[in-house]
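What follows is a single structure, written as structure tokens, with notes after it.
Read the figures in this text as sums done on the coordinates, not as results from a lab. Since the model is a prediction, treat every value here as computed from it, not as a measurement. Virtual Cβ from ideal backbone geometry, glycine too; neighbours counted across all protein chains shown.
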Amino acid sequence: MSGTDKYVLMRHRAEWQVLLDDRILEIMSDEDRALDAADLDERLNVDYSTAHIRRRCNKLAEEGLLTRVHPKKAAYVITDEGRAYLNEEYDVANHVYLDESSKSLGGVQEGANGEQGI
């Protein structure tokens, strides 16, 4: 994407999500291996404790965006739902994948009977 492209990120977040959650998911998406909170702490340019990052990973795992793959080390990988969320294809609050009609810029979706709603 060039600097002249205008693109508004329209991820479908849940009320419980914080900005750190998106950053964790973005890092996990770029990795080809499981990461734990200490690994994430090394990659994040933020001032959060490893314990706080671990709590956010646990919440993301509870909600299906990460999967815990190592019980003792608490290492995680991103799920298909986590990747879909980053790609604006998953609604975290409602735990549903979005189809193309739900991504309209105006937020207007056409119902089954042809009527439009917001």
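Inter-label distance, residue 87 to residue 33: 2.5 nm, where each label sits 7 Å from its Cα along the C-beta direction.
For the stretch 10-92, the Cβ-based charge dipole about the Cα centre amounts to some 400 debye (Lys, Arg positive; Asp, Glu negative; other atoms uncharged). With each label modelled as a point 7 angstrom along the Cα→C-beta vector, the residue 45-residue 94 pair spans 3.6 nm. Close amide H pairs (under 5 Å, H built 1.01 Å from N) link residue 75 with 69, 70, residues at least 5 positions away or on another chain. Computed from backbone phi with θ = phi - 60° and the Karplus coefficients 6.51, -1.76 and 1.60, the 3J(HN,Hα) list for the stretch 56-68 is 5, 4, 4, 5, 4, 5, 4, 8, x, 8, 10, 10, 7 Hz; x is used for glycine and proline. Along the stretch 15-27 the Karplus relation, 6.51 cos²θ - 1.76 cosθ + 1.60 evaluated at θ = phi - 60°, assigns HN-Hα couplings of 4, 6, 6, 10, 4, 4, 4, 4, 5, 4, 5, 4, 5 Hz to successive residues, with x for each Gly and Pro.
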